[in-house]
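Have a look at the structure below, then the notes.
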Number of protein chains: 2
Amino acid sequence: MNKNQRGKLLIFALGGLDEIGKNMYVVQYGNDIVVIDAGLKFPEEDMLGIDIVIPDISYLVENQEKVRGIILTHGHEDHIGGLPYILKQLKVPIYATKLTMGLIEHKLKEAHILNEVKRYIISNQSEITLGSMKATFFNTNHSIPDSVGVCVQTPEGAVVHTGDFKFDMTPVNGHLADMHKMAEIGKKGVLCLLSDSTNAERSGFTGSESTVGEGIQEVFRKAKQRVIVATFASNIHRIQQVVDACHIYGRKLAVVGRSMVNVVNIASELGYLNIPKDLLIEPDDINRLPAHKVAVISTGSQGESMSALNRMANASHRKVEILPGDTVIIAATPIPGNEKMIGRIVNQLFRIGADVVYSTTSHVHVSGHGSQEDLKLMLNLIKPRYFIPIHGEYRMLLAHAQLAESVGVRPENIFICDNGDSLEISNGKARYGPKISTGKVLIDGLGVGDVGNIVLRDRKLLSQDGILVVVVTLSKTNGTILSGPDIISRGFVYVRESEQLLDDATQVVNQTMERCMKEQVSEWASLKTSIRDSLSKFLYERTRRRPMILPIIMEV
Amino acid sequence: MNKNQRGKLLIFALGGLDEIGKNMYVVQYGNDIVVIDAGLKFPEEDMLGIDIVIPDISYLVENQEKVRGIILTHGHEDHIGGLPYILKQLKVPIYATKLTMGLIEHKLKEAHILNEVKRYIISNQSEITLGSMKATFFNTNHSIPDSVGVCVQTPEGAVVHTGDFKFDMTPVNGHLADMHKMAEIGKKGVLCLLSDSTNAERSGFTGSESTVGEGIQEVFRKAKQRVIVATFASNIHRIQQVVDACHIYGRKLAVVGRSMVNVVNIASELGYLNIPKDLLIEPDDINRLPAHKVAVISTGSQGESMSALNRMANASHRKVEILPGDTVIIAATPIPGNEKMIGRIVNQLFRIGADVVYSTTSHVHVSGHGSQEDLKLMLNLIKPRYFIPIHGEYRMLLAHAQLAESVGVRPENIFICDNGDSLEISNGKARYGPKISTGKVLIDGLGVGDVGNIVLRDRKLLSQDGILVVVVTLSKTNGTILSGPDIISRGFVYVRESEQLLDDATQVVNQTMERCMKEQVSEWASLKTSIRDSLSKFLYERTRRRPMILPIIMEV
């Protein structure tokens, strides 16, 4: 591939297209590869037992000597969460802003690879050289501070990647997005724009994070007892606004939940959170103060069963219990798939007698992703010749493409791609280039990629109707049955109430074996197949279930 | 219990409280029991392999001779879906309106019990005697025709059950709710109201079904090729509006999906659907007509994987394939938990090149349940002394209770109950009565209630990390190993890539058995426990997974 690609620009995604999660985009010019983001994704509901999913980076591993570095646009899991796995295979430098790097370093330390990785802090003032390419950065607004977009200057022209963004005209920390810099980049001419499509189906502008501060203060003002706020740990602006509300209304704040404590520590240390002295208290001290003098900030806004909020709601948290009269703010909207879990916590909180403020009924959350007008503003500032909508499911990418067309990008210059589709640009002309091999790597415990379709199919089968193991010991000399057949079942029927069924099933196996012996079936494989078939048929007729059947033949 | 309850009124739910689904409410006066509704519920995500869930009716079975009948308020699954199972255990008459009975009869026929069940058609003109009680009915508006509320006149006073309802001021079939009758009932005095809480958290009035007709016609007007409408099969008003749109815009209509065909047949036969002659075509004939002359109505609005819509979207439907340029209307909102499945179908349809109209972007669906203003109107018409919010999760019941208070029901007269909690009223005074035993019965294939917590726990375990079966054959005479240990795994690791791990695991079992033999462990149970413990520890250290381990010892 080397020769062909000299003088050619390739742009492609290894993750992030037609999905939400595992973002990883690649800009390659000749022998130089720049990677933008290295995220993880949470498993789909059919990936039973899987912990997380990361992109398949075999292309990068094969071309390791060409990879000049990985740029991380911001500190969310779907952008940095794959690093601990990916950097074990790929020895390349990483570039990130101060807060993003702080969050990454915590991860790399836990993975015991911190010292092996070359790390460079960047800012909107940096210019970094990556082989034949140079990268500069512009600040954006998002639901985590220190988010940037990237402008990769290639010999073919500028490639701009927005990162995740919205335009917040009244940002909590006062830092507007670098609109002037974006305008300047746009003015100089941009070859290709890759832009965040998450909210491309939503009309209007996304609201300012500071409106959430008002919503939270409103709740604090009315609350008679403790206030518990659950939000994403990484939303430092929102944590700041809870801190501010505590300061205004004279409450002390306890931080609970492992990742919340971790983020508050890192962000405070690096100067991204401004917490008045003596405002924080330890969870142990909550009960020593009057209820109206206390607030709690916690993880669990997505209803996660092991989260602090869920444990507090179910009186299984070691230190904090939610009591009647407490006010709980769930400052988040459900990520699709989490609606039922959140609903369950809300029910439980109301049952306790808490007052619950959640997004369907109030103003305690806004998205960090730009809506249609934000997206059009970005398109109009950058004015790209070519456009690739990224970071979204197909319908979002399509909606974003339509927005681009509406602001004047020529339809033939808009490319809706899949992961692995490459856009090849040479002499200013773009077309689909070679297909890059990619996919998903499933992580289950310590195993990276050792669970594939067969294992998942088996887990699915087992989860539906359980398993029946049929064991029989045969004589090596004459093939007679020495012991068994024994049937052991798990996840099929409750054995004590189904003795008759299992006795009958044993009879079916006996008859099958007799028949096989008469017919002088000597191959174990055929014998096993016969047992499996006859037993499966019998069980389906009797129960309309199809458990996995595992015949085992021992020979003595 | 008999004596105590003579002269006492008991009201309780066997299903439907703090949940959506399996509605079943009971009014008991002395030796007379009236049941209202007998619904099913779809399984929660932790009920692996379960098909449906019905209420535990052991109380009714024990008191069979007292049960005077089951009244069905309307034909939705969460109100009638339990009947085929419940009527096998409970030989009692059922009462339903014409359409509701038509849908029930179809179910009973499939369950081969139609002829065993005494069935009575009711209307808003009926008065039926149920022991010491009398029931009359009032028409309501809901997302299925022929829905009624029930007024049970007991010696203690009137108990009103609303069924599912909203107030539709411009109903599709012209039949307003019986507001005058409700007013009359209210004027005579109502002891207790049980009312639908589904949308108690939503402000305002729920929109009229006829606004959906306008939305659908708008889409038909613009569509250039075929129009495919997916909606709930039971929403006959909506089917009528699709029929009307076809008639207006000169399209023929094909009906696809088993339950859609079934409902269209029943509703047409009974006169609830008015379909112009020659408007319907067979799915086979779709391709014989120009695309702009055809529409399709289909099941699958919840993204169900086996539904007609999903199969049409994935080109796996036998007769209809969705093509580029077709317009698909998904006339429903996701039931919580179905968001991702629907999102997947929408992505797939856009990918094909279809235009997709779905609820987040247009006006092709309204709820069949009343919002806060509808609920207040019902409360004000009925003017009950006591109030029990029903049909909803806890937070909905709570919101409904607050609405009742806001229109003047005294807080001490509002009872938020759980399934099995009974309200006992005698001499006009209400208090919590005896707890009625109830719960959920899981149906898996032909098994009714044979899957319990142990089986579900095993399925959950199996689904996460799979299973390892360890088999060894021992000598009866001296306990030496004659064959094995053999390890067979399913759903754990992909065996070909993990031979070393499984070899090492076999070594661990061998060592454990040697140790046990040295220590003269002779009990199989202890030997099995030792194998399970050592293998589990080994596998967790090596993989951080905890598969189920099933040691099997054969003796020869």
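The values are calculated or read from the model by the stated rules, or taken from the named source; none is laboratory data. It should be emphasised that the depicted structure is a prediction, and the values quoted were computed from it without experimental measurement. Because the Cβ atoms are built from the backbone with ideal geometry, glycine has one as well, and the counts that use them run over all protein chains shown. What goes into the accessible areas is simple: the full protein's heavy atoms, side chains included, and nothing from ligands, DNA or RNA. Shrake-Rupley method; radii C 1.70, N 1.55, O 1.52, S 1.80 Å.
Considering the range A:58-76 alone, what residues qualify as being surrounded by fewer than 24 Cβ atoms within 10 Å (Cβ to Cβ), within 26 Å of A:G445 (Cβ to Cβ) and without any contact (Cβ under 8 Å) to a residue 60 or more places away in the chain?
Across the range A:58-76, the qualifying residue is only A:V61.
How about the range A:499-518: which of its residues are exposed (fewer than 13 other Cβ atoms within 10 Å of the Cβ), more than 48 Å from the chain's Cα centre (by Cα) and either outside the structural domain of A:L461 (by TED's automatic domain parsing) or not basic (K, R) (or both)?
Residues of the range A:499-518 exposed (fewer than 13 other Cβ atoms within 10 Å of the Cβ): A:499-500, A:503, A:507, A:511, A:514-515, A:518.
The next check asks that each one be more than 48 Å from the chain's Cα centre (by Cα); those that pass are A:507, A:511, A:514-515, A:518.
Across the range A:499-518, the qualifying residues are A:Q507, A:Q511, A:E514.
If you go through the range A:365-390, how many residues are buried (at least 20 other Cβ atoms within 10 Å of the Cβ) and either of a type outside the set (F, W, Y) or farther than 22 Å from A:L10 by Cβ (or both)? Talk me through it step by step, then tell me what you get.
Restricting attention to the range A:365-390, the residues satisfying the condition of being buried (at least 20 other Cβ atoms within 10 Å of the Cβ) are A:365-366, A:368-372, A:374-375, A:378-379, A:381-382, A:384, A:386-390.
Now narrow it down to the ones that are either of a type outside the set (F, W, Y) or farther than 22 Å from A:L10 by Cβ (or both): A:365-366, A:368-372, A:374-375, A:378-379, A:381-382, A:384, A:388-390.
Total satisfying the criteria: 17.
Listed residues B:S298, B:S316; which is polar (S, T, N, Q) and surrounded by 24 or more Cβ atoms within 10 Å (Cβ to Cβ)? First the steps, then the outcome.
Working: B:S316 fails: surrounded by 24 or more Cβ atoms within 10 Å (Cβ to Cβ).
Being polar (S, T, N, Q) and surrounded by 24 or more Cβ atoms within 10 Å (Cβ to Cβ) holds for just one of B:S298, B:S316, which is B:S298.
If a residue counts only when it is of a type in the set (V, I, T), which helices (runs of 4 or more DSSP H) contained entirely in the range A:1-118 have at least 2 such residues?
On the way: elements: A:2-5, A:58-62, A:77-80, A:83-89, A:98-110.
Those helices (runs of 4 or more DSSP H) span A:98-110.
Among the residues that make up the range B:127-142, is at least one of them in contact with a Ser or Thr (Cβ under 6 Å, 6 or more places away or on another chain) and open to solvent by 40 Å² or more (accessible area, probe 1.4 Å)?
yes
Condition check ((1) closer than 25 Å to A:L193 by Cβ; (2) open to solvent by 10 Å² or more (accessible area, probe 1.4 Å)) across all residues:
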residue: A:L87; (1), (2): no, no
residue: A:T97; (1), (2): yes, no
residue: A:A111; (1), (2): no, yes
residue: A:E116; (1), (2): no, yes
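What pairs can you find where one residue is in the range A:319-346 and within 10 Å of chain B (Cβ to nearest Cβ) and in contact (Cβ under 8 Å) with a residue 24 or more places away in the chain, the other is surrounded by 21 or more Cβ atoms within 10 Å (Cβ to Cβ) and of a type in the set (S, T, Y), and their Cβ atoms are less than 8 Å apart, with a gap of 6+ or different chains?
Pairs that qualify, where the first residue is within 10 Å of chain B (Cβ to nearest Cβ) and in contact (Cβ under 8 Å) with a residue 24 or more places away in the chain and the partner is surrounded by 21 or more Cβ atoms within 10 Å (Cβ to Cβ) and of a type in the set (S, T, Y), are A:I342/A:S301; A:I342/A:Y358.
Table: residues versus (1) assigned by TED's automatic domain parsing to the domain that holds A:R238; (2) in contact with a helix residue (DSSP H, G or I) (Cβ under 9 Å, 6 or more places away or on another chain).
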residue	(1), (2)
A:Q348	yes, yes
A:G353	yes, no
A:V356	yes, yes
A:Q372	no, yes
A:M378	no, yes
A:P384	no, yes
A:P389	no, yes
A:Q402	no, no
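Tell me, which strands (runs of 3 or more DSSP E) lie completely within the range B:404-489 with 2 or more residues that are outside the structural domain of B:V190 (by TED's automatic domain parsing) and farther than 26 Å from A:L468 by Cα?
none
Taking the stated definitions as given, is A:R385 of a type in the set (K, R) and not in a helix (DSSP H, G or I)? It would help to see each step written out before you state the result.
Values: of a type in the set (K, R): yes; not in a helix (DSSP H, G or I): yes.
Spelling it out, A:R385 is indeed of a type in the set (K, R) and not in a helix (DSSP H, G or I).
Restricting the search to the range A:211-233, which residues are closer than 25 Å to A:Q372 by Cβ and either crowded, with 17+ Cβ neighbours inside 10 Å or modelled with pLDDT of 95 or more (or both)? Break it down into steps so the answer makes sense when it comes.
Restricting attention to the range A:211-233, the residues satisfying the condition of being closer than 25 Å to A:Q372 by Cβ are A:211-215, A:232.
Within the range A:211-233, A:V212, A:G213, A:G215, A:F232 qualify.
For residues in the range B:240-265 being in contact with a strand residue (DSSP E or B) (Cβ under 6 Å, 6 or more places away or on another chain) and either under 18 Å from B:T211 (Cα atoms) or among the β-branched types (V, I, T) (or both), which is most open to solvent (accessible area, probe 1.4 Å)?
Checking each candidate, the answer is B:V261.
Consider A:D56 carefully, then state whether it is in contact with a helix residue (DSSP H, G or I) (Cβ under 8 Å, 6 or more places away or on another chain), modelled with pLDDT of 95 or more and closer than 12 Å to A:N419 by Cβ.
Details: in contact with a helix residue (DSSP H, G or I) (Cβ under 8 Å, 6 or more places away or on another chain): no; modelled with pLDDT of 95 or more: yes; closer than 12 Å to A:N419 by Cβ: yes.
For A:D56, the condition - in contact with a helix residue (DSSP H, G or I) (Cβ under 8 Å, 6 or more places away or on another chain), modelled with pLDDT of 95 or more and closer than 12 Å to A:N419 by Cβ - is not met.
For the range B:488-498, does any single residue satisfy the condition of being open to solvent by 20 Å² or more (accessible area, probe 1.4 Å), modelled with pLDDT under 90, out of contact with any Asp or Glu (no Cβ under 7 Å at 6 or more places or on another chain) and facing chain A (nearest Cβ under 10 Å)?
Here is the first cut: in the range B:488-498, the residues open to solvent by 20 Å² or more (accessible area, probe 1.4 Å) are B:488, B:490, B:494-497.
Filter once more, so that each one left must be modelled with pLDDT under 90: B:494-497.
Pick out the ones that are also out of contact with any Asp or Glu (no Cβ under 7 Å at 6 or more places or on another chain) and you get B:495-496.
Remaining after also requiring facing chain A (nearest Cβ under 10 Å): B:495-496.
So far as the range B:488-498 goes, yes, one or more of its residues are open to solvent by 20 Å² or more (accessible area, probe 1.4 Å), modelled with pLDDT under 90, out of contact with any Asp or Glu (no Cβ under 7 Å at 6 or more places or on another chain) and facing chain A (nearest Cβ under 10 Å).
Contact list please: Cβ distance under 6 Å, first residue in the range A:201-218 and within 14 Å of chain B (Cβ to nearest Cβ), second residue open to solvent by less than 30 Å² (accessible area, probe 1.4 Å) and not hydrophobic (A, V, I, L, M, F, W, C), pairs at least six apart or on different chains.
A:R202/A:S371; A:G204/A:S371
Would you check if there is a residue in the range A:391-399 being surrounded by fewer than 16 Cβ atoms within 10 Å (Cβ to Cβ) and either out of contact with any helix residue (DSSP H, G or I) (no Cβ under 6 Å at 6 or more places or on another chain) or part of a strand (DSSP E or B) (or both)? Steps first, answer last, please.
Keep residues of the range A:391-399 that are surrounded by fewer than 16 Cβ atoms within 10 Å (Cβ to Cβ), which gives none.
Checking the range A:391-399: not a single residue is surrounded by fewer than 16 Cβ atoms within 10 Å (Cβ to Cβ) and either out of contact with any helix residue (DSSP H, G or I) (no Cβ under 6 Å at 6 or more places or on another chain) or part of a strand (DSSP E or B) (or both).
Among the candidates A:D458, A:D486, which residue alone is under 23 Å from B:R457 (Cβ atoms) and touching a residue at least 60 places away in the same chain (Cβ under 8 Å)?
Values: A:D486 fails: touching a residue at least 60 places away in the same chain (Cβ under 8 Å).
Result of the check over A:D458, A:D486: A:D458.
Any residue that is closer than 25 Å to B:I436 by Cα, at pLDDT 95 or above and in contact with a helix residue (DSSP H, G or I) (Cβ under 9 Å, 6 or more places away or on another chain) - is there at least one of those in the range B:99-110? Before you say what the answer is, go through the steps one by one.
The initial filter retains those residues of the range B:99-110 that are closer than 25 Å to B:I436 by Cα, namely none.
The answer is no; no qualifying residue exists.
Looking only at the range A:459-472, decide whether some residue is out of contact with any Phe, Trp or Tyr (no Cβ under 9 Å at 6 or more places or on another chain) and at pLDDT below 85.
no
Of the residues B:K429, B:K476, B:K460, only one is among the basic types (K, R) and more than 11 Å from every other protein chain (Cβ to nearest Cβ); which?
That would be B:K429, the only listed residue that is among the basic types (K, R) and more than 11 Å from every other protein chain (Cβ to nearest Cβ).
May I ask you to list the residues in the range B:519-556 that are away from every other protein chain (no Cβ under 14 Å) and in contact with a Leu (Cβ under 8 Å, 6 or more places away or on another chain)?
Residues satisfying the conditions are B:V521, B:L535.
Mind checking which residues of the range A:18-36 are aromatic (F, W, Y) and surrounded by fewer than 19 Cβ atoms within 10 Å (Cβ to Cβ)?
Applying the first criterion (aromatic (F, W, Y)) to the range A:18-36 yields A:25, A:29.
Those that are aromatic (F, W, Y) and surrounded by fewer than 19 Cβ atoms within 10 Å (Cβ to Cβ): none in the range A:18-36.
Conditions (1) open to solvent by 20 Å² or more (accessible area, probe 1.4 Å); (2) farther than 30 Å from B:L83 by Cβ, marked per residue:
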| residue | (1), (2) |
| --- | --- |
| B:K440 | yes, no |
| B:I454 | yes, no |
| B:L474 | no, yes |
| B:Q520 | yes, yes |
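Give the residue, chosen from B:G49, B:G82, B:G39, that is of a type outside the set (S, T, N, Q), modelled with pLDDT under 95 and either touching a strand residue (DSSP E or B) at 6+ places or on another chain (Cβ under 9 Å) or open to solvent by 10 Å² or more (accessible area, probe 1.4 Å) (or both). Outline the logic, then answer.
Working: B:G82 fails: modelled with pLDDT under 95; B:G39 fails: modelled with pLDDT under 95.
None of the other options fit; the residue is B:G49.
Need the failing condition index for A:N338 against (1) crowded, with 17+ Cβ neighbours inside 10 Å; (2) modelled with pLDDT of 90 or more; (3) not hydrophobic (A, V, I, L, M, F, W, C), just the number.
Every listed condition holds for A:N338 apart from (2).
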